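What follows is a set of notes on a single structure, which appears directly below.
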Amino acid sequence: MEIWNKLTAWFDSTHLQEQIRDVDYIRLFTNPWFIVPFGLMIGYMVYKQKWKDIIIIAIFVAVWWVSGTPYMDTLLVKGEIQIEKILPVIFGGAGAVGVVIYLLFGRSD
């Protein structure tokens, strides 16, 4: 348990959650220093027909985008989880994890 406490203290000290929440994704996807290498990577994956990798990247980008929507801000009200709002998030996350696990381990190319 001590290792877990140290790990969570280190994670909290990095302020990674705040950095992810404060990302301006509109500027990120219009910044040529990001979009050109990202586009080249996707283009290369299309050329090599690595559809599995493209789908996994699309899932991660979609999860990142959804985590910044105003809907996610309404999941907690006065420190209490709103069960009617958290259930779609849980089932959507389980579905995304299921698709990624299937793509990684379920079949071969």
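Structural remarks
- Calculated accessible area for the chain comes out at 83 Å² per residue, all protein chains present (probe 1.4 Å; ligands, DNA, RNA ignored).
- Dipole of the chain, positive direction: furthest Cα of F11, Y47, Y102, with charges on the beta-carbon: Y47
- Helix-only CD estimate at 222 nm, as mean residue ellipticity for the chain, using -39500 (n - 2.57) per DSSP H run (n ≥ 4): -23000 deg cm²/dmol
- Helix 32-47 axis, angle to the chain major axis (alpha carbon atoms, nearest 10°): 60
- In this Cβ point-charge picture (+1 for Lys and Arg, -1 for Asp and Glu), region 14-82 has a dipole of about 340 debye about its Cα centre.
- C-alpha long axis of helix 83-101 to longest principal axis of the chain, angle in °: 30
- Angle between the chain longest axis and helix 51-67 axis [Cα atoms, degrees, rounded to 10]: 30
- Legend: Rg and Dmax of region 53-92, from Cα coordinates, 12.2, 40 Å.
- The relative contact order of the chain, computed from alpha carbon pairs under 8 Å that lie at least 6 residues apart in sequence, is 16 percent.
- K52 contributes an accessible area of around 50 Å² to the protein surface, as traced by a 1.4 Å probe with all chains present.
The values are calculated or read from the model by the stated rules, or taken from the named source; none is laboratory data. What you are looking at is a predicted structure, and each value in this text was computed from that prediction instead of being measured. Ideal geometry is used to build each Cβ from the backbone, glycine not excepted, and the neighbour counts take in all protein chains shown. For the accessible areas, the whole protein counts, side chains as well, though only heavy atoms, and no ligand, DNA or RNA atoms are used. Shrake-Rupley method; radii C 1.70, N 1.55, O 1.52, S 1.80 Å.
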